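Written below as structure tokens is the structure these notes are about.
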Amino acid sequence: MNKKRIVSSCLLLSLIFTSGCWDSTEVNELAIELAWGIDKGQDDNVMISAQVIVPSKISSGQGDGKAGAGQGKPFFVVSSSGMNTLDAVQKMQTKLSRRVFRGHRRVIVIGESLARHGIKDVLDTYTRDPNLKLRTDLFVVKGSTAREFLNISYPLETIPGLGALGEYDQIGTLMEMGFINFLVSASSKGSSPTVPVLVSGLNTGLSQEGEQQDQAKNVDVEGFRISGAGIFDQDLKLVGFLKISDARILRWVTGKSRKLTISTQIPDQKGNASMVVNNLGSKIRPVVRGNQIQIFVTLTGQGAILENNTRLDLTKTGNVSLLQDAFNKHVEESVLRTITSVQKKYGTDVFGFGDIIHNKKPSQWKSLKDHWDQEFSNAEVFVKADVKVRRIGVSGPSVHLMDDEIKR
């Protein structure tokens, strides 16, 4: 018998004796959770909550949670407390007839109280367990607990936890990297982590930009929304929040945004304009001279003007250049204001400037790393914007203007 026949015979025999996975579990024996919450429990315990799907309430073929069938909620929330996560999970398991399966988890939410207390002691199992996905998005719930958040209904999604992912995608953010990015920043002396913040309509009296509103106006608001970013220090304690406009700037500077809308008043034109910018880029160049640190930030992008409330005729090259210059000046002023505010208010490098110095100037970083927060606070930052207008839409001047009102 030649070698080919011997190999073929062995393969056939192996197929005869091969069975399925020895440790397989049928889907109908699992309690599948898609969203997970972590809160501060009593006596330094941790409380965990799981948003578990009810398969019979999910219509066939709608595994993404965007449609439902039958009556009642297609999910329920189960919670338990313990000295650590696995202790709490073990106690949670006694409340369920099926084994909790966390392999399809998409979202982790952290209550504000635990975030301010610090989350170093609850992260180990989320990085050690090979069955858990690191490509999961992480959120902080402002003014509430993770457990309360997971019980909120969301009008547009059958599984509310997935609504957070959808909103995060709509603001132009790179998805399913939040937890990885958090862990990378948490393990570095040259940057501090940030986490997107969620607020529910029933638990906040703040507008999207952080201004006070009449609480009564929000009583009937359903669901939740992204409201900015939470800033963590090197001890992984939440120290403050960025409003949503500053969070957009943060994502652009750190290279974690793919699109955004820029709106600004146009000087001397008695009007405003907006453009949607894509292909966002960020280049950071540090200069270290003794005790003086300078950070040069260059932001790039290109897009289309989709609203023009000035008298300018945008079929004229000079008028397009005028708007482009106004957009770039607005970006430079806004970004510098945000970076300076973080420097002075928090002294926490959420922009990753320290990591860039570490990579580009390792010898100089050695003398800076042990007191980087102080050095970051004192660094001089320069911002240059290079945003290009590539399209002006389907009309030149605004269509409602009379001919003698148009500035050509």
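Read-outs throughout are calculated quantities, based only on the coordinates presented, and are distinct from any laboratory measurement. Nothing here was measured: the structure is a model prediction, and the numbers come from that model. Don't worry about glycine lacking a Cβ; one is built from the backbone with ideal geometry, like all the others, and counts go over all protein chains shown.
A few comments on the model shown:
- Mean separation of Cα contacts under 8 Å (6+ apart) over length of the stretch 245-408, as relative contact order %: 30 percent
- Along principal axes, Cα extents of the stretch 110-196, largest first, whole Å: 41, 27, 27
- Label-point separation in nm, LYS345 to ARG128, each point 7 Å along Cα→Cβ: 3.7 nm
- Summing +1 for each Lys or Arg and -1 for each Asp or Glu among the other residues whose beta-carbon sits under 12 angstrom from that of VAL381 gives +1.
- Gain on full stretching of the segment that runs from HIS117 to PHE382 - 0.36 nm per residue minus C-alpha separation: 91.9 nm
- Note that the stretch 346-352 has calculated 3J(HN,Hα) couplings of 10, x, 10, 7, 8, 8, x Hz, one per residue in order, obtained from phi through the Karplus relation 6.51 cos²θ - 1.76 cosθ + 1.60 (θ = phi - 60°); glycine and proline are x.
- Annotation: amide H of PHE224 within the under-5 Å range of GLY201, sequence separation 5 or more or interchain, hydrogens built in the peptide plane.
- In Hz, Karplus ³J(HN,Hα) per residue of the stretch 259-272 (6.51, -1.76, 1.60; θ = phi - 60°; x = Gly, Pro): 7, 6, 10, 10, 10, 7, 6, 9, x, 6, 10, 6, x, 9
- Estimated FRET transfer efficiency when R0 is 60 angstrom, pair THR298-LYS91 (beta carbons, to 0.05): 0.70
- Once the Cβ-Cβ distance of LYS73 and VAL287 is raised to the sixth power relative to R0 = 56 Å, the FRET efficiency obtained is 0.50.
- Karplus (6.51, -1.76, 1.60) ³J(HN,Hα), θ = phi - 60°, over the stretch 118-133, in Hz, Gly and Pro reported as x: x, 10, 4, 7, 10, 8, 4, 5, 6, 10, 8, 6, x, 7, 9, 8
- For peptides 334-343, 29-38, 91-100, sequence by mean Cβ density within 10 Å, most packed first: 29-38, 334-343, 91-100
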